[in-house]
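Only one structure is covered here, and it is reproduced in the block below.
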Amino acid sequence: MFRDKTILVTGGTGSFGHKFIPMTLEKYNPRKIIVFSRDEMKQWEMAKLFQGDDRMRFFIGDVRDRERLYRALDGVDYVVHAAATKIVPTAEYNPFECIKTNINGAMNLIDACIDKGVKGVVALSTDKASSPINLYGATKLASDKLFVAGNSYSGGHETKFSVVRYGNVMGSRGSVIPFFMSIKDQGVLPITDPRMTRFMISLEQGVELVWHAFEDMVGGEIYVKKIPSMKVTDLARVVAPEAKQDVVGIRPGEKLHEQMIGAEDSYFTYEYPQHFKILPNINNWGSCEERIKDGKKVEEGFVYSSDNNAEWMTDEELQAWIDGHFNEIGKI
């Protein structure tokens, strides 16, 4: 699929890019991967990891800057859109900045990809875009809608847009596992609410979902990976079994449980062995056989939430993951 093709990754110096790029270089041997991001120091550090690999390019730019995107997309075949302002409390206190990146940036990218003849675009989304209660989730819901509608907005152009949605990425920078590990020696771990649950997905699984979306998409689909859940109290116990758990209350904009598919989505959601697919409810795409393929329609009112999940991660599974990824937790 990507062999001898050029791929651009927005926000490519983040956790996803650090995993997607080496995995894609190894599996597909693309002609070029372009890292498009605004932090020159992160690009400098990342470039050192790929020193001597002539398939790598680094391009300073911001998705808010439409003209810079047009320049970066010259000759690009595929785009992975990972750039976002995503820390929930930060978005609550800086809403204008979050909107500029997550919504205006999405609009800029859609326009630029269509005009530059990009073949396919997969945008990364989040559980927080399903029935959002915080500004970050609301901007990502708007972004998802923009990318879905981009397939009709493109008119006679052949650019296809789809979205992948997943929850908490285990061990990513700023997430709960590295946070707990960094303070476990203090003997107390803060727990927002003892009932809280979270979906658990590895970066490798996230990358594989993006690959699948590129291979499968007709345009407008939202792909949701089937992944296990875990209670935050159990997660804390695995990381620091001797530490006391101190209940501190939910942070601004935080949910008790994560949701990736809401009841309103159930009318257009289909189930597959490893994932769900939410089809667009515009242009009769929700009943399109080419998009449905061999999917089985979920029951009306179906909700995919971290508290009603059929699959739960055990303490042993989490500990095995931590042991196998110890040296990279919190670093990307």
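The values are calculated or read from the model by the stated rules, or taken from the named source; none is laboratory data. Please read all numbers here as calculations on a predicted model, not as lab measurements. Neighbour counts are summed over all protein chains in view; Cβ atoms, including those assigned to glycine, are modelled from backbone coordinates with ideal geometry.
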Within the range 275-332, restricting to residues that are among the small types (Gly, Ala, Ser), in contact with a helix residue (DSSP H, G or I) (Cβ under 6 Å, 6 or more places away or on another chain) and free of Cβ contacts under 8 Å to residues at least 60 places away in the same chain, the one that is surrounded by the most Cβ atoms within 10 Å (Cβ to Cβ) is GLY286
Given (1) more than 18 Å from ASP144 (Cα to Cα); (2) surrounded by 18 or more Cβ atoms within 10 Å (Cβ to Cβ); (3) modelled with pLDDT of 95 or more, index of the condition VAL79 fails | (1)
Report whether or not LYS140 is surrounded by 20 or more Cβ atoms within 10 Å (Cβ to Cβ) and basic (Lys, Arg).
-> yes
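With the structure loaded, tell me whether LEU189 is surrounded by 22 or more Cβ atoms within 10 Å (Cβ to Cβ), assigned to a helix (DSSP H, G or I) and either free of Cβ contacts under 8 Å to residues at least 24 places away in the same chain or not acidic (Asp, Glu) (or both) or whether it fails that test. Full working, then the answer.
Working: surrounded by 22 or more Cβ atoms within 10 Å (Cβ to Cβ): yes; assigned to a helix (DSSP H, G or I): no; either free of Cβ contacts under 8 Å to residues at least 24 places away in the same chain or not acidic (Asp, Glu) (or both): yes.
When the stated conditions are applied, LEU189 does not pass them.
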Considering residues of the range 200-237 that are out of contact with any His (no Cβ under 7 Å at 6 or more places or on another chain) and of a type in the set (Val, Ile, Thr) only, the residue farthest from PHE276 (Cα to Cα) | THR233
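Here are some residues: VAL35, VAL63. Which one is crowded, with 18+ Cβ neighbours inside 10 Å, touching a residue at least 24 places away in the same chain (Cβ under 8 Å) and part of a strand (DSSP E or B)? Give the derivation first.
On the way: VAL63 fails: part of a strand (DSSP E or B).
Step by step, each of VAL35, VAL63 is checked, and only VAL35 is crowded, with 18+ Cβ neighbours inside 10 Å, touching a residue at least 24 places away in the same chain (Cβ under 8 Å) and part of a strand (DSSP E or B).
Kindly check whether there is at least one residue in the range 114-134 that is closer than 26 Å to GLN259 by Cβ, among the hydrophobic types (A, V, I, L, M, F, W, C) and surrounded by fewer than 19 Cβ atoms within 10 Å (Cβ to Cβ). Give the steps one after another, and end with the answer.
Filtering the range 114-134 down to residues closer than 26 Å to GLN259 by Cβ leaves 121-134.
Adding the requirement that they be among the hydrophobic types (A, V, I, L, M, F, W, C) leaves 121-124, 129, 133.
After this cut, where a residue has to be surrounded by fewer than 19 Cβ atoms within 10 Å (Cβ to Cβ) as well, the list is 133.
Within the range 114-134 (the criterion being closer than 26 Å to GLN259 by Cβ, among the hydrophobic types (A, V, I, L, M, F, W, C) and surrounded by fewer than 19 Cβ atoms within 10 Å (Cβ to Cβ)), the answer is yes, since at least one residue qualifies.
Report those strands (runs of 3 or more DSSP E) wholly inside the range 223-302 carrying at least 2 residues which are within 30 Å of ASP185 (Cβ to Cβ).
Here the list reads 229-231, 244-247.
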